[in-house]
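Structure, as structure tokens:
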Amino acid sequence: MNRRQFLLAAAAAATAPLFTYSGRLFAAPASTPRLLLVFLRGGYDCNNLLVPCGSDFYYESRPTIAIARPDPANANSAIALDGQWGLNPVLRDSLYPLWQRKQLAFVPFAGTDDMSRSHFETQDNIESGEASGQRKDYRSGFLARLSGSLANVPSIAFTDALPLSFQGGGKDIPNISLRGVAKPAFDERQSGILADMYKGTRLAAAATDGLELRQKVSKDLQDEMMKANRGAPNAKNFAAETQRIATMMRDQYRLGFVDVGGWDTHVNQGGANGALANNLSNLGQGLAAYADALGDEWNNTVVVVVSEFGRTFRENGNKGTDHGHGTVYWVLGGRVRGGRIAGVQVAVNAQNLLQDRDYPVLNNYRDVLGGLFARTWGLSQSQLQAVFPGAKPQDLQLV
């Protein structure tokens, strides 16, 4: 860390309600709009978050990981939101109360026009805010351009390094790390014990080869997930840090970015229980704690949850899901016009899948966020075009 980065991080960690902006010192404006963008790196499986429980095709496509249709007698069944959609039951005590208060909305069939299904390409495309194939500045992000278009809107990234989203705007935007330390997926001591059990038998070579293959496959999957996360903390760490994020967003900052890793669930994803459910539970608890910590300022706050893409609609042979396309965005806030499923939608069936595998993107993220930013800050058409060049802002009246 160089001196400039150290000073920026120190400024970000301060608790006094002051911030620097263009070399001058300001008191944080009271009761002004604030927005936090939460980026789920790894491409989370939206179909087991916002469950299309009115679709028979969903249950045909996911024989082991589908979440049961709403059933008051089954605590592991989806929570009915309307006749077609349900919510993962692990969010019953965290996000569902926000839905009931109409402070949470979902936008399905959302995403980018990037068809690479690459974590890195799609993450970069989203953070740049430019249409795929039309990027002109590879070190410019849409939040940096948004920050540059707004007066008295101090910005911060809760990340280990300044994300692309906040680069290239001409401002010194601080970042503060929330990154945790990952634990290895497998214990080598246990592998050694298992190998010793077969030593001296005709199965010794096969057992050793099998354990080595298991370790290699595990390492390859872990490496892919780590790369997809790009250093983002997991959902458990996020839940533990939301109090600090809330304090800083309440007292100092008005535009924030945080990323959360651990969503690349190729193997043993689970349904109402398992790896994905644990991540969603921690994320939901963190967001609910964020809302509580803001107090009355929750009414001046919007949180948007995005991911680079969704996942394959059908489960794979490893009881997981693979890289997909369309996904579901979340919009939360005290004055969000929630309690509804927003945006353009189609029936969830085989005929409407993209390339017979994924949700199609019917609500482009640049258009959706452009419309949301316009309503939040009253941006002009020229300001919106600076943030998202060539976009057609879509006003879903979410705020």
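Give me the net charge of P393's neighbourhood, meaning all other residues with Cβ under 14 Å from the Cβ of P393; Lys, Arg count +1, Asp, Glu -1.
On the way: positive: R366, R375, K392; negative: D367, D395.
In short, +1.
How do 364-375, 115-126 rank on mean C-beta neighbours within 10 Å, highest first?
Put in order of decreasing packing, that is 364-375, 115-126.
Can you give the FRET efficiency to the nearest 0.05 for R139 and A240, using r as the Cβ-Cβ distance and R₀ = 45 Å? Could the numbers behind the result be given before it?
Working: r = 32 Å, r/R0 = 0.71.
Step by step, r from the Cβ atoms, then E = 0.90.
Exceeding 32 Å between C-alpha atoms, which entries from my cross-link table qualify? They are K102/K171; K102/K392; K102/K236.
On the way: K102/K171 36 Å; K102/K392 27 Å; K102/K236 26 Å.
Pairs exceeding the cut-off: K102/K171.
By how many nm would the segment from N74 to V344 grow when fully extended, if each residue of separation counts as 0.36 nm and the alpha-carbon distance is taken off?
Numbers: separation 270, 0.36 × 270 = 97.20 nm, distance 3.12 nm.
Working it through step by step, the gained length comes to 94.1 nm.
Taken together, the values in this text are just the output of simple stated rules run on the coordinates, not laboratory data. Just so we're clear, the structure is a prediction, and the values are computed from it rather than from any experiment. Backbone-built Cβ (ideal geometry, glycine too); neighbour counts: all protein chains shown.
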